[in-house]
Amino acid sequence: MSRTVYVNGAYLAEEDATVSIFDRGFLMADGVYEVTSVLDGKLIDFDGHAVRLERSLNELDMASPMGKDELLTIHRELVRLNNIDEGMIYLQITRGAPGDRDFVFPDPETTKPTVVLFTQNKPGLADSPVAKKGIKVISIEDIRWGRRDIKTVQLLYPSMGKMMAKKAGADDAWMIENGFVTEGTSNNAYIVKDGAIITRGLSNDILHGITRAAVLRFADEAQYKVIERNFTLEEAQQADEAFITSASTFVMPVVEIDGHPVGTGTPGQVATRLRQVYLEECKKNAI
Ligand code: PMP
């Protein structure tokens, strides 16, 4: 069945939804995005995603095309129209289609941003069988640009990273820069050693995950020790546990890194507990 999607103010059947070939998102990856998960038909951490969207737009000198309330209305309307119980809402805002190709930014007075939202239906997202098994990751060099804190649609290298993982029989890749793990191709990376949760601190080197913020808050409340610092691949392989977080995977145990089992090679206690707590708490606060 065809989805109903949102494009620049209109709710349309997906086959009728179009964007110009001059759109700067298409020509130059000049755009930002957000992914918000839906559980029980409600939005998880919507405020966090709205705040980060605003920041990404600001960092790229793009005006926000709409306020948070209107954004929330569109998200909810898409959930309703597409009857989503579990899944994701994808949002993308680009600098628009000036009608020709030019490196110089168009005048925002005459070129309005392109706003696109669509749903991805994922029944069973929360009760994922993958989370019970854990995932395998490989390591790859991090050759992305220096502003990974901005959530741009420039996703070619993360996409290549997933392909490298797939070819190696793994599920994802962790990226390494100057000997330290930055993050996963589409998630934040963590290890657990002697009961402490260790994850890289926030900077321009990684995306400031909305799930990361929530999970660290819940970890703190549950009296886990949280240490924000760089860690190496070797340290990760010797850790008791490893896991990732993102809006679509929540908390996902990592059981193997470059063919080396982490801990017992099965999902660890801390990751399993944090996944439970995250899902419970987020469902309570979903809107
Ligand atoms: N890092 C990267 C590179 C990502 O693409 C993502 C997910 N988009 C994350 C981290 C996790 O962010 P969030 O928890 O907000 O989904």
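Take the Cβ-Cβ distance between D61 and V130 as r, set R0 to 25 Å, and report the resulting FRET efficiency rounded to the nearest 0.05. List each step's numbers first, then the result.
Numbers: r = 39 Å, r/R0 = 1.56.
After rounding, the FRET efficiency stands at 0.05.
If you take the beta carbon distance between D47 and F105 as r and set R0 to 35 Å, what does 1/(1 + (r/R0)^6) give as a FRET efficiency, to the nearest 0.05?
On the way: r = 29 Å, r/R0 = 0.82.
Approximately 0.75, to the nearest 0.05.
Taking the Cβ of I198 as the center, what net charge do the other residues with Cβ under 13 Å away carry, scoring Lys and Arg +1 and Asp and Glu -1? All intermediate terms of the calculation are to be shown ahead of the outcome.
On the way: positive: K193, R200, R212, K225, R229; negative: D194, E228, E235, D240, E241.
In short, 0.
Which of the lysines could a cross-linker bridge to K68, judged by Cα under 22 Å and excluding same-chain residues fewer than eight apart?
Partners within reach: K42, K112, K151, K283, K284.
Where the eigenvalues come from the Cα gyration tensor of the range 4-121, what are the semi-axes √(5λ) of the equivalent ellipsoid, largest first, in whole Å? Don't skip to the end; give the middle numbers.
Working: eigenvalues 129, 53, 23 Å².
Over the Cα atoms of the range 4-121, the ellipsoid semi-axes are 25, 16, 11 Å.
On a straight-distance basis, which aspartates and glutamates could pair with K122 in a cross-link, Cα separation under 16 angstrom, same-chain partners fewer than 8 positions away excluded?
Within the straight-line limit of under 16 Å, K122 reaches these aspartates and glutamates: D40, D85, E86.
Across the range 78-160, what fraction of all alpha-carbon pairs, as a whole percent, falls in each successive 5 Å bin from zero upward?
Histogram of Cα-Cα distances, whole percents per bin: 3, 10, 12, 12, 17, 18, 12, 8, 5, 2, 0.
In nm, give the distance between the simple-model label positions of D16 and N83, each being 7 Å from the Cα along the Cα-to-Cβ direction.
The two pseudo-label positions are separated by 2.0 nm.
Which of the trypsin sites (Lys or Arg not before Pro) across the range 18-125 are loop residues per DSSP, with 16 or fewer other Cβ within 10 Å? Could you put the intermediate results ahead of the total?
Details: sites: R24, K42, R52, R55, K68, R76, R80, R95, R101; in loops: R95, R101.
Counting only loop positions with at most 16 other Cβ atoms within 10 Å, the trypsin sites (Lys or Arg not before Pro) in the range 18-125 are R101.
Could you go through the range 120-137 in sequence order and give the Karplus-derived ³J(HN,Hα) for each residue, using 6.51 cos²θ - 1.76 cosθ + 1.60 with θ = phi - 60°, rounded to whole Hz, and x for Gly and Pro?
Running phi through 6.51 cos²θ - 1.76 cosθ + 1.60 with θ = phi - 60° gives 10, 7, 9, x, x, 4, 6, 8, 5, x, 5, 5, 7, 9, x, 10, 10, 10 Hz.
Sort out the exposed loop chymotrypsin sites (Phe, Trp or Tyr not before Pro) in the chain (DSSP loop, at most 12 other Cβ within 10 Å) and tell me the longest stretch that has none. Before the final figure, lay out each step's value.
On the way: sites that count: F103, W145.
That gives 146-287 as the longest site-free run.
Against the longest principal axis of the chain, how steep is helix 210-221, in degrees 0 to 90 to the nearest 10, with axes from Cα atoms?
40 degrees
Per residue and in Å³, how big is the convex hull formed by the alpha-carbon atoms of the chain?
On the way: hull volume 38.1 nm³, N = 287.
So the per-residue hull volume is 133 Å³.
If we count every other residue with Cβ under 11 angstrom of N230's Cβ, Lys/Arg +1 and Asp/Glu -1, where does the sum land? Don't skip to the end; give the middle numbers.
Numbers: positive: R200, R229; negative: E177, D205, E228, E235.
Residues close to N230 contribute a combined charge of -2.
Once you place label points 7 Å from the Cα toward the Cβ at T264 and E280, how far apart are they in nm?
Rounded to a tenth, the inter-label distance reads 2.1 nm.
Probe radius 1.4 Å, ligands and nucleic acids left out: which of K122, K132 has the largest accessible area, and how do the rest follow? Show your work: numbers first, answer last.
Details: K122 85, K132 135 Å².
Final ranking, largest accessible area leading: K132, K122.
Go ahead and collect, in residue order, the members of the range 44-64 whose backbone nitrogen is under 14 Å from a label point 7 Å along the Cα-Cβ direction of E221.
Only 45 pass the distance filter.
Where a Cα-Cα gap under 14 Å defines reach, which aspartates and glutamates qualify for K136, not counting those fewer than 8 residues away within the same chain?
Within the straight-line limit of under 14 Å, K136 reaches these aspartates and glutamates: D171, D172, E241, E256, D258.
What is the local net charge at T264, summed over the other residues whose Cβ is closer than 12 Å to its Cβ (Lys, Arg +1; Asp, Glu -1)?
On the way: positive: none; negative: D240, E241, E256.
Around T264, the charge tally is -3.
Counting pairs of alpha carbon atoms under 8 Å apart in space and at least six apart in sequence, what relative contact order in percent does the range 26-127 give? Write out the running numbers ahead of the final one.
Numbers: 140 pairs, mean separation 34.0, N = 102.
For the range 26-127, the relative contact order is 33 percent.
The values are calculated or read from the model by the stated rules, or taken from the named source; none is laboratory data. Quick caveat: nothing in here was measured; it's all calculated off a predicted structure. Note: ideal-geometry Cβ built from the backbone for every residue, glycine included; neighbour counts use all protein chains shown. We work out accessible area using only protein heavy atoms, side chains counted, and drop any ligands, DNA or RNA first. Shrake-Rupley method; radii C 1.70, N 1.55, O 1.52, S 1.80 Å.
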